[in-house]
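*Asks:* This is the structure I want to talk about, given as structure tokens.
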Amino acid sequence: MKPLGPIPMGFVALDGELAIGGRKASALVEEAGGTPLFVYSGAMIADRVAHLRACLHERVRLHYAVKANPFPPLLALMRGLVDGFDIASGGELERALASGQRAQALSFAGPGKRDAELEAAIVAGVTLNLESAGEARRALAIADQVGVQPRLAIRVNPSFELRGSGMKMGGGAKPFGVGEALVPALAREVIGAGAEWRGLHVFAGSQALDAEAIVEMQGRVLELAARLTGEIGHPLPHLNMGGGFGIPYFAGDRPLDLAMVGGALGERIAALPPELAQTTLVLELGRYLVGEAGVYLTRVLDRKESHGATFLVTDGGLHHVLAASGNFGTVVRRNYPVAIATRFSSEPEEVASVVGCLCTPLDRVAEQALLPRAGVGDLVAVFCTGAYGASASPAAFLGQGPARELLV
Ligand SMILES: *Cc1c(COP(=O)(O)O)cnc(C)c1O
């Protein structure tokens, strides 16, 4: 038997079935027209944002990283909850604007921006987080051609990384950002060329559950920004401090101690160096805002025994929940939180493996999990799939196509 990850707080049973937003899984599937289906709870997302606001100093602005989940109704919800969006492609720019988000509340990072993407962002008035000197010069040239003053910030590749993070995005040789030492000259160059100077962006890592590691990183980000601002010699309007707040996916994971992170950041904000006294501070979060609010529902198509093991074969799989299958940036495969949605109040009584419908051994949803006995027609719920699910999985693989999505 292998343990399942922890089911996020707030999911309850209704008539023995998993309920999301007060409605039974089977009813949601019916409304959506079938399985596989992602359901996102708007109330859980709103609660999460409110909890963050309560724990964070009022000076801290919250941005949503669209990459985590770009489902249009979810973006429309997020627009009303957070202070801005961080985007990383022209496609995300279109979706962000279509959600009604103001271009002035968008910042655009990402290491390979095409000329057309730079132009669209500059014309709209989006802040570009420049990833290299080459990109800075292309942006300036394009702005010149279209006759618009570009809003430019520089993404710094810090010399440190976020300790214990699932994906490291800083420290050493990286495709992201401009090396610390090269930032002051590049900043002076773009300011000298007439750009509107928007500030600095430092994103050192992702999916950290250790509050101390985040507190330490935030301290280093503030120190770095103060030092670079002194060297640049211009006031720093904005500092995007990154995020990296993780969520518990696996057995043994403990939720991030947000009160500790917020408390330590509050103390630092009360004693900011003069270089940052007027700076707007931004945190950019993706999975922490939406990850635990998403549930993937898939139906059992077959139940079979093989060499003494029980398999529940579903109509979903890694083409929608690549991360849950263990194939998106994990070294050792571990089980996400999974449940039989249609028997949510039943006691577990057998060990079974839940697999997807794809013809590959990689398509595992839960391995050797202790579950209530499920049969053909039951619904399986995979939790923690609100971020990096639908849009981060190869939906076209084996001709399957995308899952349905519903915001409730
Ligand atoms: C991916 C990414 C994020 C979001 O990361 P989460 O782990 O979902 O919070 C934020 N900022 C940048 C620059 C990113 O690349």
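The values are calculated or read from the model by the stated rules, or taken from the named source; none is laboratory data. In this text the structure is predicted, and so the values were computed from the model without any measurement. Every residue, glycine as well, gets a Cβ built from its backbone with ideal geometry; the counts of neighbours run over all protein chains shown. Side chains are part of the model used for accessible areas, which takes the heavy atoms of the whole protein and leaves out ligands, DNA and RNA. Shrake-Rupley method; radii C 1.70, N 1.55, O 1.52, S 1.80 Å.
*Asks:* Might you let me know whether the stretch 391-404 holds any residue that is touching a Ser or Thr at 6+ places or on another chain (Cβ under 8 Å), open to solvent by 20 Å² or more (accessible area, probe 1.4 Å) and assigned to a strand (DSSP E or B)?
*Replies:* yes
*Asks:* Considering only residues that are farther than 16 Å from L297 by Cα and assigned to a strand (DSSP E or B), which ones fall in the stretch 15-31?
*Replies:* Within the stretch 15-31, none qualify.
*Asks:* On to the next question. Within the stretch 292-312, does at least one residue satisfy the condition of being under 29 Å from N69 (Cβ atoms), modelled with pLDDT of 95 or more and part of a helix (DSSP H, G or I)?
*Replies:* Residues of the stretch 292-312 that are under 29 Å from N69 (Cβ atoms), as a first pass: 292-301, 312.
Restricting the remaining residues to those that are modelled with pLDDT of 95 or more gives 292-301, 312.
Those left that are additionally part of a helix (DSSP H, G or I): 292-293.
Yes: the stretch 292-312 contains one or more residues that are under 29 Å from N69 (Cβ atoms), modelled with pLDDT of 95 or more and part of a helix (DSSP H, G or I).
*Asks:* Now, a different point. Note down all Cβ pairs under 6 Å where the first residue falls in the stretch 232-245 and is on the phi < 0 side of the Ramachandran plot and in the same structural domain as A211 (by TED's automatic domain parsing), the second is of a type in the set (G, A, S) and outside any loop (DSSP other than H, G, I, E, B), and they're at least six residues apart or on different chains.
*Replies:* I232/A187; L236/G199; P237/G199; H238/G199; L239/G199; L239/A225
*Asks:* Which one of these is away from the ligand (no atom under 16 Å from the Cβ) and at pLDDT below 95: A136, A204, A181, A173?
*Replies:* Step by step, each of A136, A204, A181, A173 is checked, and only A173 is away from the ligand (no atom under 16 Å from the Cβ) and at pLDDT below 95.
*Asks:* To continue, here is another question. How about the stretch 92-114: which of its residues are within 14 Å of the ligand (Cβ to nearest atom) and open to solvent by 50 Å² or more (accessible area, probe 1.4 Å)?
*Replies:* Once the filter is applied, which keeps residues that are within 14 Å of the ligand (Cβ to nearest atom) and open to solvent by 50 Å² or more (accessible area, probe 1.4 Å), the stretch 92-114 yields P111, G112.
*Asks:* Sort out which residues of the stretch 335-353 are in contact with an Asp or Glu (Cβ under 8 Å, 6 or more places away or on another chain), closer than 16 Å to V295 by Cα and open to solvent by less than 30 Å² (accessible area, probe 1.4 Å), and write them in order of number.
*Replies:* Correct list: N335, I340, A341.
*Asks:* Does any residue in the stretch 307-318 that is of a type in the set (D, E) come within less than 8 Å, Cβ to Cβ, of a residue that is open to solvent by less than 10 Å² (accessible area, probe 1.4 Å) and outside any loop (DSSP other than H, G, I, E, B) six or more places away or on a different chain, and which pairs are these?
*Replies:* Every condition considered, the pairs that remain are D315/T298.
*Asks:* Checking the condition part of a helix (DSSP H, G or I), within 23 Å of T127 (Cα to Cα) and more than 16 Å from the ligand (Cβ to nearest atom), which residue from L236, L228 passes? Break it down into steps so the answer makes sense when it comes.
*Replies:* Details: L236 fails: part of a helix (DSSP H, G or I).
The unique qualifying residue is L228.
*Asks:* Find the residue count for the stretch 260-280, including only residues that are open to solvent by less than 70 Å² (accessible area, probe 1.4 Å) and more than 22 Å from G199 (Cα to Cα).
*Replies:* Initially, the stretch 260-280 is screened for residues open to solvent by less than 70 Å² (accessible area, probe 1.4 Å), giving 261-266, 269, 272-273, 276-277, 279-280.
Those still in the list that are more than 22 Å from G199 (Cα to Cα) too: 261-264.
Going through the stretch 260-280 one residue at a time, the tally reaches 4.
*Asks:* Filter the stretch 197-230 down to residues that are over 28 Å from the mean Cα position of the chain (by Cα) and open to solvent by 40 Å² or more (accessible area, probe 1.4 Å) and give me whichever is farthest from K67 (Cα to Cα).
*Replies:* G230
*Asks:* Same structure, new question: Could you tell me which residue of the stretch 174-196 is farthest from A143 (Cα to Cα), considering only residues that are touching a strand residue (DSSP E or B) at 6+ places or on another chain (Cβ under 7 Å) and open to solvent by 40 Å² or more (accessible area, probe 1.4 Å)?
*Replies:* To start, the set of residues in the stretch 174-196 that are touching a strand residue (DSSP E or B) at 6+ places or on another chain (Cβ under 7 Å) comprises 174, 176-180, 183, 186-187, 190-191, 195-196.
Still in the list and also open to solvent by 40 Å² or more (accessible area, probe 1.4 Å): 174, 176, 196.
Numbers: K174: 27, F176: 22, E196: 11 Å.
Across the stretch 174-196, the extreme among qualifying residues is K174.
*Asks:* Going through G34, G80 one at a time, which residue ends up being more than 16 Å from the ligand (Cβ to nearest atom) and either in a loop (DSSP other than H, G, I, E, B) or in the same structural domain as A390 (by TED's automatic domain parsing) (or both)?
*Replies:* Values: G80 fails: either in a loop (DSSP other than H, G, I, E, B) or in the same structural domain as A390 (by TED's automatic domain parsing) (or both).
Matching residue, one of G34, G80: G34.
*Asks:* Does E117 meet the test of being within 16 Å of the ligand (Cβ to nearest atom) and in contact with a Lys or Arg (Cβ under 9 Å, 6 or more places away or on another chain)? Quick ask: steps written out before the conclusion?
*Replies:* Values: within 16 Å of the ligand (Cβ to nearest atom): yes; in contact with a Lys or Arg (Cβ under 9 Å, 6 or more places away or on another chain): no.
Here the answer is no, as E117 does not meet what is asked.
*Asks:* Kindly provide the set of residues from the stretch 276-291 that are in contact with a helix residue (DSSP H, G or I) (Cβ under 7 Å, 6 or more places away or on another chain) and either among the charged types (D, E, K, R) or away from the ligand (no atom under 16 Å from the Cβ) (or both), ordered by number.
*Replies:* L276, R287 - these are the residues of the stretch 276-291 that are in contact with a helix residue (DSSP H, G or I) (Cβ under 7 Å, 6 or more places away or on another chain) and either among the charged types (D, E, K, R) or away from the ligand (no atom under 16 Å from the Cβ) (or both).
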